[in-house]
1. Return a yes/no flag: does the range 96-119 have any residue that is touching a strand residue (DSSP E or B) at 6+ places or on another chain (Cβ under 9 Å) and surrounded by fewer than 14 Cβ atoms within 10 Å (Cβ to Cβ).
2. When the range 36-87 is examined, which residues are found to be open to solvent by 50 Å² or more (accessible area, probe 1.4 Å) and in a helix (DSSP H, G or I)?
3. Output yes when any residue across the range 118-128 is within 28 Å of residue 59 (Cβ to Cβ), in contact with a Leu (Cβ under 7 Å, 6 or more places away or on another chain), modelled with pLDDT of 90 or more and part of a loop (DSSP other than H, G, I, E, B), and no when none is.
4. Contact list please: Cβ distance under 6 Å, first residue in the range 31-55 and touching a residue at least 24 places away in the same chain (Cβ under 8 Å) and within 20 Å of residue 107 (Cβ to Cβ), second residue of a type in the set (Ser, Thr, Tyr) and open to solvent by 10 Å² or more (accessible area, probe 1.4 Å), pairs at least six apart or on different chains.
5. Among the residues of the range 372-400, count how many are surrounded by 14 or more Cβ atoms within 10 Å (Cβ to Cβ), closer than 17 Å to residue 358 by Cβ and at pLDDT below 50.
6. In the range 136-148, which residues are free of Cβ contacts under 8 Å to residues at least 40 places away in the same chain and either of a type in the set (Asp, Glu) or surrounded by 13 or more Cβ atoms within 10 Å (Cβ to Cβ) (or both)?
7. Which members of the range 1-24 meet the condition of being modelled with pLDDT of 95 or more, touching a strand residue (DSSP E or B) at 6+ places or on another chain (Cβ under 6 Å) and small (Gly, Ala, Ser)?
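The values are calculated or read from the model by the stated rules, or taken from the named source; none is laboratory data. Since the structure is predicted, the reported quantities are computational estimates derived from the model, not experimental observations. For neighbour counting, all protein chains shown are included, and Cβ atoms are generated from backbone atoms with ideal geometry for every residue, glycine included. Just so you know, the surface numbers come from the protein's heavy atoms only, side chains and all, with ligands and any DNA or RNA stripped out. Shrake-Rupley method; radii C 1.70, N 1.55, O 1.52, S 1.80 Å.
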Amino acid sequence: MSYIIQAVLSNAGHPEYGQVTVPFPIPNEEYDRNIELLSALGIGDAVNRDCKVDGLDSYYTVLKRMVGTVVTVDELDYLAKRLDSFSFGEDAQFQAMAVKLGVSNITDFINLTFCCQQATVITDFSDLEQIGKNHYLTLNGGSASLEELEKINGRQTALALILNETGCVTPYGVVYDNGMELEPLYNGRQFPGYLYDEHLLVIKVESDGLPDDQQNPEYLYLPASDQQIERTLLRTGNQQTGPMKELPLSVEIDNMPDGVTSALYWGDETLKELNKFCHAIGKLDQTEKKKLEAVILLARPSTTGDVCQLADNLDLFDFVPDVHTPEELGRYLIQESGRFDYDENLDDFYDYIGYGKCRIKEDSGCFNTCGYVAYRGITPLDELLENSPAACGEFTMGGM
């Protein structure tokens, strides 16, 4: 199954418009397209629940209780992401507690994902020793040392639970809530912070101009689609499109390559510009990111647009990582670059220092904390940073 939830959605007021089947979680690259499909049916609003659930398929069969209800597409997407992270055992806790509490709406299902781990679910009564130890782990937040577990009399702990506490029999096992309470972390508008994928930047967006019961912050996970950004701002009451410093925003998590953040000031950028920047960085692999760090130290960009240009034109630069002297550079070029037929028997006769100095002079290269870097493009570097159309795709022969 390539999805956690697959929902058949329609317009409750106009069923004649047809239906759309959407798998969740929605990949970032497919998000905008799915919003367009929903918009064609007159649904898919960022705030108002206008998507009627006509059908639902999921490993989490308890979610079928939502069939016939109305939700937002982002609520289903968020719930699917939360459930996708569940480990073995949490699935039973979630579904059993949903039955015990009579949960049938999207808000409670989302909030249940944050607390169901406090419940004990017994699906097999044949091993009381293991049941008792599992119950002990649950009461202690899911963790305990081996020494602690060895001291636990699992059978006695299990019997104390079964004989003294009232369990609720569900299709997913016998559940004991252990005093769990369903807290309203999700208020029906802003989603609690949750890291689902690896993100370059996580930006906290404070609510603005909304009633007190809708004043929770929300989070932007960049890179994102343009629709995801716009809809997050709508849920927080922000509709400005100016520089970040004019919005109630703050960078909570920065996973940019070392040196990128220190070279720039985010405040003067718009969210659209910053997102484009994150897309440019996000497509690089680890080797390319390290090369970009070295190129930034060489070019000294001042805007995210400058860095995008550098990221898109890394092939115009030579880079040798972790070398910091002419001798180390010359040794790499002669021994490892593949440009020469290196013979280790002649090692004493190679002039590593001399060749390294020669290449530095020819390339106008330099050393920095990342290694050796040199610009090899025909167009002057300052013009490259000015987004000159002629800057892209110009190469000189050779390179490392």
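1. Checking the range 96-119: not a single residue is touching a strand residue (DSSP E or B) at 6+ places or on another chain (Cβ under 9 Å) and surrounded by fewer than 14 Cβ atoms within 10 Å (Cβ to Cβ).
2. 36, 37, 39, 61, 64, 65, 84
3. no
4. From the range 31-55, the pairs are 53/69.
5. 2
6. Within the range 136-148, 136, 137, 139, 142, 144, 147, 148 qualify.
7. Selection gives 7, 10.
Residue-by-condition table, conditions (1) part of a loop (DSSP other than H, G, I, E, B); (2) touching a residue at least 40 places away in the same chain (Cβ under 8 Å); (3) buried (at least 16 other Cβ atoms within 10 Å of the Cβ):
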position: 184; (1), (2), (3): yes, yes, no
position: 213; (1), (2), (3): no, no, no
position: 233; (1), (2), (3): no, no, yes
position: 239; (1), (2), (3): yes, no, no
position: 250; (1), (2), (3): no, yes, no
